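I have placed the structure first, in the form of structure tokens, so that the comments after it can refer back to it.
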Amino acid sequence: MTPVAAQARGFPVLDVARVRADFPILRRQARGRPLVYLDNAATTQKPQVVIDAITRYYTEYNANVHRGVHELSEIASEAYENARRKVSAFFNASHERQIVFTRNATESINLVAHAFGRTHVGAGDEVLISAMEHHSNIVPWQLLCEERGARLRVAPIDDRGELMLDEFEALVGERTKLVSVTHMSNALGTINPVEDIIRIAHRRGVPVLLDGSQAAYHMPVDVQALDCDFYAATGHKLYGPTGMGILYGKETHLESMPPFLGGGDMISSVTFEKSTWNTLPHKFEAGTPDISGAIALGVAIDYIQSIGLSQIAEHEQALLAYGTDALAAVDGLRMIGTARHKASILSFVLDGVHPHDIGTIVDREGVAVRTGHHCAQPVMHRFGVPATARASLAMYNTRDEIDALVRALGRVREVFH
Ligand SMILES: Cc1ncc(COP(=O)(O)O)c(C=O)c1O
């Protein structure tokens, strides 16, 4: 639905100007021109409320959590656990015990690879991923498989960048101990048919981890409706601070898994002979956590919900359609990733121009895009390109910014005519 059609039907439409006013960095210039920030898949910008939450924590109630009976520690502990409740509600987990705070999505996936993987994956077993994974959802499984004598299997993708579901299904076999796939590709924008993936895997009793690093800030995610076993997300893409990651896990899995890291806070008792573990989710949160980060992430989630993920998705989809058409008109441009179901990613190459040169020249025009392999080298190999230029959209981007990108690509063409 276009914004106009949405308005006509009485749906609230995202007020982008108002949203932009909440993000102080968007007022700055880059290379002497208004900043056009189109590198949101790498990290999103932060609204003032998130920045303020960090300052407020350090100026008003800085104290360690879960450790003191003094007032500041009580306030900090309550704020930290309140952030967990917000994250739990955001993903519709059935209980906040199922939400583990980590440093980032990479750590969330590594936690599962260590604690679940080492318990359940043995010699000759298999872990199944897809050909569109970020390195964070490849390397931990390679390390695990190497250690256990297991095999990493990879479900292929087609020329549009869509998962080949029949091939995927054929790869789920007797030896498959875990399926770990991305909900949305950071290199292509593809949104995977995760309901089908989970149904297929569960039919064979295989648990599924979804890497939601990209999906979680573009669309509503309901872990109960999905029935996924694990869901990994990363706070800095959810308009929150860096240093905060999220792992949702079904309680039965989390209960059955040994700890990931050992230390303070994750124990119930310690003697030199034996230690016992704290209750969920603390069993997986060893040491002093990123307290201000968690609190600020909770505020970021409040902020996203005050705008509405459905509104955000609608705005970003309209922008993606506009950007797809606008880039199609650029001479010699080839889009990498044309899945029928995709979000917010415009990944492309230009005939005769290395993507790094695209990035450098558009940067001079104040336009920030990412160039490179986007931590997805196998995707680059699949499409036969060394790298792509990637413009990635967030709730505060506008059509004018897409136009600025297209104008900047015109400059690239002038330089490389
Ligand atoms: C699909 C996907 N998975 C995992 C990650 C890793 O996120 P982080 O570096 O925050 O751990 C990213 C980050 O770009 C991503 O896009």
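Calculate, for the chain, the solvent-accessible area per residue in square angstrom, rolling a 1.4 angstrom probe over the heavy atoms of the protein chains.
Result: 42 Å² of accessible area for each residue.
Which Rg and Dmax, in Å, describe the Cα atoms of the stretch 17-124?
That works out to 19.3, 58 Å for Rg and Dmax.
In percent, what relative contact order does the stretch 99-185 have, based on Cα pairs under 8 Å that are 6 or more apart in sequence?
35 percent
Can you give me the convex hull volume of the Cα atoms of the stretch 326-365, divided per residue and expressed in Å³?
Given the Cα convex hull of the stretch 326-365, per-residue volume reads 88 Å³.
Determine the principal axes of the Cα atoms in the stretch 216-374, then give the extent along each, sorted from largest to smallest and rounded to whole angstroms.
Answer, in whole Å and largest first: 69, 33, 27 Å.
Quick check on the chain: helices-only [θ] at 222 nm, where DSSP H runs of length 4 and up contribute -39,500 (n - 2.57) each and the sum goes over total residues. Nearest 500, please.
Mean residue ellipticity, 222 nm, calculated: -11500 deg cm²/dmol.
Averaged over all directions, how much area does the convex hull of the C-alpha atoms of the stretch 105-159 cover when projected, in nm²?
Approximately 3.7 nm², given one-decimal rounding.
Would you mind calculating the gained length between HIS417 and ASP227 on full extension (0.36 nm times residue separation, minus the Cα-Cα distance), in nm to one decimal?
63.2 nm
Less than 14 Å Cβ to Cβ from GLU74, Lys/Arg counted +1 and Asp/Glu -1: what total charge do the surrounding residues give?
-3
Over all alpha-carbon pairs in the stretch 291-364, figure out the percentage whose distance exceeds 15 Å.
68 percent
In the stretch 229-296, what is the volume of the convex hull around the alpha carbon atoms, normalised per residue and reported in Å³?
That works out to 88 Å³ per residue.
If one puts a single equal scatterer on every Cα of the stretch 47-102 and applies the Debye formula without solvent, what log₁₀ I(q)/I(0) results at q = 0.13, 0.19, 0.31 Å⁻¹?
The calculated log intensity ratios at q = 0.13, 0.19, 0.31 Å⁻¹ are -0.38, -0.76, -1.10.
Within the stretch 14-153, what whole-number % of the accessible surface is contributed by carbon and sulfur, with the 1.4 Å probe and all protein chains included in the calculation?
Roughly 49 percent of what the probe reaches on the stretch 14-153 is carbon or sulfur.
What does the charge count near ARG118 come to, summing +1 for each Lys or Arg and -1 for each Asp or Glu among other residues with Cβ under 13 Å from its Cβ?
Computed value for this residue: -1.
So what are the ³J(HN,Hα) numbers for the stretch 77-82, from phi and the Karplus equation (6.51, -1.76, 1.60; θ = phi - 60°), rounded to whole Hz, Gly and Pro as x?
Rounded to whole hertz, the list is 5, 5, 5, 5, 6, 5.
For the chain, what does the convex hull of the Cα positions come to per residue, in cubic angstrom?
149 Å³
So what is the relative contact order for the chain, in percent, with contacts set as C-alpha pairs under 8 Å and at least six apart?
Relative contact order for the chain comes out at 23 percent.
From the backbone phi of the stretch 116-125, what are the Karplus-calculated ³J(HN,Hα) couplings (6.51 cos²θ - 1.76 cosθ + 1.60, θ = phi - 60°) in whole Hz, Gly and Pro given as x?
For the stretch 116-125, the Karplus-derived couplings read 7, x, 5, 7, 10, 9, x, 4, x, 6 Hz, x marking Gly and Pro.
The values are calculated or read from the model by the stated rules, or taken from the named source; none is laboratory data. Quantities reported herein were computed from a predicted structural model and do not represent experimental measurements. Note that each Cβ is placed from the backbone with ideal geometry, even for glycine, and that neighbours are counted across all protein chains shown. The accessibility values were calculated without ligands, DNA or RNA, using every heavy atom of the protein model including side chains. Shrake-Rupley method; radii C 1.70, N 1.55, O 1.52, S 1.80 Å.
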